[in-house]
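Have a look at the structure below, then the notes.
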Amino acid sequence: MKAERDRYLSFAFAAADLLLELDAGGTVGFAAGSACSMTGRATDELVGEAFETLLEERDRETCRRVLMRLPERQLVGPVHLQLRGCSVPTMVRAINALDDGLVRVAISRLPPGCGFANRVYDPQTGMLERESFIELAERHLADARDLGMQRELALIRIEGLEGGGVELHSDELPSVLSTLGGFLRSLSIDGTSAGRLEEGVFGVVRERGEGDLGKQLEEVTRAASSDIDLKFKTQVVGLAESSLSRNEASQALVHVLKSFAGELEGSVQIRSLGEALQESYKATVERIAQFRNVVNRLEFDVAYQPIVDLATRKVHHHEALSRFRGWGMTLEVVTFAEDVGITLDFDLAVVRKVLEYISRFPAGRGRPKIAVNLSTRSLEQDSFLKELERILSGSGSLARSIMFEITESAEIRDLDRMAKILDRIRARGNKVGLDDFGAGASAFHYIRSLRVDHVKVDGGYVRNLLSSERDASIVTAMTDLCRSLGVVTIAEMIEAEEQARELARIGINLGQGYLFGYPEREITVNEDGTVRRPEPVGACPG
């Protein structure tokens, strides 16, 4: 009678949908509740099963670690452990029944829209992948800030676990990663707030003061692989920083993660989000100064990639692509400049470089036509427009050899104003196009509102053209629309002859990609107008 009462109280206390009773070995001895709808099996069919076999594979190590903590505490959880075959997320609480030595496990279904469905998990560790972890960490950050919850971010780097340093047998690494992942998840809030940030680098959001992380890590890795002495680096940062706004706190959190992962030069030990924000500001200011020095000194190169007529394969024009000298990947650098709003000087510097290059060619038909990228954010600045007009006006007939391609068109804030700006540029005799034209409603809205000469179809559609009927249909629809409006279409990232033929069949006018030519420092065209092929220089879009 007492056992039945204890079961009922445990069930009621946990407000669970399914109650299981486990013996010391983790085997189910009793089951009650919604077993059929949650597991596809009747309650009596669960008796005799090992509890962990009822869970998804990725959650089993975490389950072992959670249950191992019961001797030191009466209750653990709630922890997200997913029942196999259950269509909704499930949470588990485990209650240590000291008088009879049994463990009572209460399992509850979570409501739809609780946020678990869209999370991406790393298959080797069962932990969240980087982006999902950052998103969840930001939610915990908001809770710590707004609700006063005492939470902290623990970061762990394990030297030599992956990518060299310590030799692991190929059949040993999966076991070590699985054990480590289960352990770190068991330490985290709700059993899911742990992520694999990159090879050998992990993050955990946990309750503040949850034991000595270094000692815990030594114990678990010894259990996973007794033959290997792994070295750890850990860092713990408190998340309760009420003096920061939400945006500031999120910015600081990302800076902490990048700093610990070694993605930032001169990374320092950061003890709080306030310190992280100051370091982030300092690093951004330093990088802006570096970028401006590079631009002012013209310490970047421009390469020119041919864009050809798909029907004749003759060169129509070239696109100017930038490459920085020893200062990171070009795309990353330009993205940083766009994010902090300092593309203005860079865009103008590229225009000047291209005009100087065109001036080396004889006047007339011998001068190449070159497309230069202009950021939407630059075009929205009056100072940029005035300087661009001054440069073009001072270049005489050279300016007519330049075309412009508008990047970040999705960021246009005032379509009416942008339409007038582009009209003014076109009235000078410079053709204007939109880069990365996609299938979204905004793209069609832009082409209806902005008078442009060409659009460049997003390369993602070109890559999938031959394997995806959906993408092929989208490209066809975009091509038909542009043809009806008198807008020229350009397809980028063409690498195979089959792609080029299919794009031409659909009606795309021009093509760009390695099939036709790599970016070159010098423009060379055969007498018949086709591409001459020197060695590539590896420039990236700028």
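Of note:
- Consider the stretch 183-204 and keep the residues that are of a type in the set (D, E, K, R) and in a strand (DSSP E or B). The one that is farthest from V79 (Cα to Cα) is E198.
- Annotation note: of A477, A500, the sole residue that is part of a helix (DSSP H, G or I), over 17 Å from D436 (Cα atoms) and among the hydrophobic types (A, V, I, L, M, F, W, C) is A500.
- Those residues of the stretch 422-441 which are in a helix (DSSP H, G or I) and either crowded, with 19+ Cβ neighbours inside 10 Å or at pLDDT below 85 (or both), in sequence order: L422, I425, A441
- Where a residue in the stretch 443-454 is assigned by TED's automatic domain parsing to the domain that holds A419 and its partner, wherever it lies, is among the basic types (K, R), with Cβ under 9 Å and at least six apart: R451/R426; V452/R426; V452/K431; D453/R426; D453/K431; H454/K431
- Any hit, the stretch 136-154, residues being at pLDDT 75 or above, touching an Asp or Glu at 6+ places or on another chain (Cβ under 9 Å) and part of a loop (DSSP other than H, G, I, E, B): yes
- Pair list, Cβ < 7 Å and 6+ apart or interchain, from the stretch 121-140 residues that are farther than 8 Å from G195 by Cβ to residues that are of a type in the set (V, I, T) and surrounded by 24 or more Cβ atoms within 10 Å (Cβ to Cβ): G126/T62; H140/V205
- In the stretch 381-406, residue surrounded by the most Cβ atoms within 10 Å (Cβ to Cβ) [restricted to those that are in contact (Cβ under 8 Å) with a residue 40 or more places away in the chain and not aliphatic (A, V, I, L, M)]: E405
- Within the stretch 22-32, the presence of a residue that is of a type in the set (A, V, I, L, M, F, W, C), more than 24 Å from G182 (Cα to Cα) and either out of contact with any strand residue (DSSP E or B) (no Cβ under 6 Å at 6 or more places or on another chain) or surrounded by fewer than 13 Cβ atoms within 10 Å (Cβ to Cβ) (or both) is excluded.
- The stretch 279-309, residues that are exposed (fewer than 14 other Cβ atoms within 10 Å of the Cβ) and modelled with pLDDT under 75: K282, V285, E286
The values are calculated or read from the model by the stated rules, or taken from the named source; none is laboratory data. Nothing here was measured: the structure is a model prediction, and the numbers come from that model. Because the Cβ atoms are built from the backbone with ideal geometry, glycine has one as well, and the counts that use them run over all protein chains shown.
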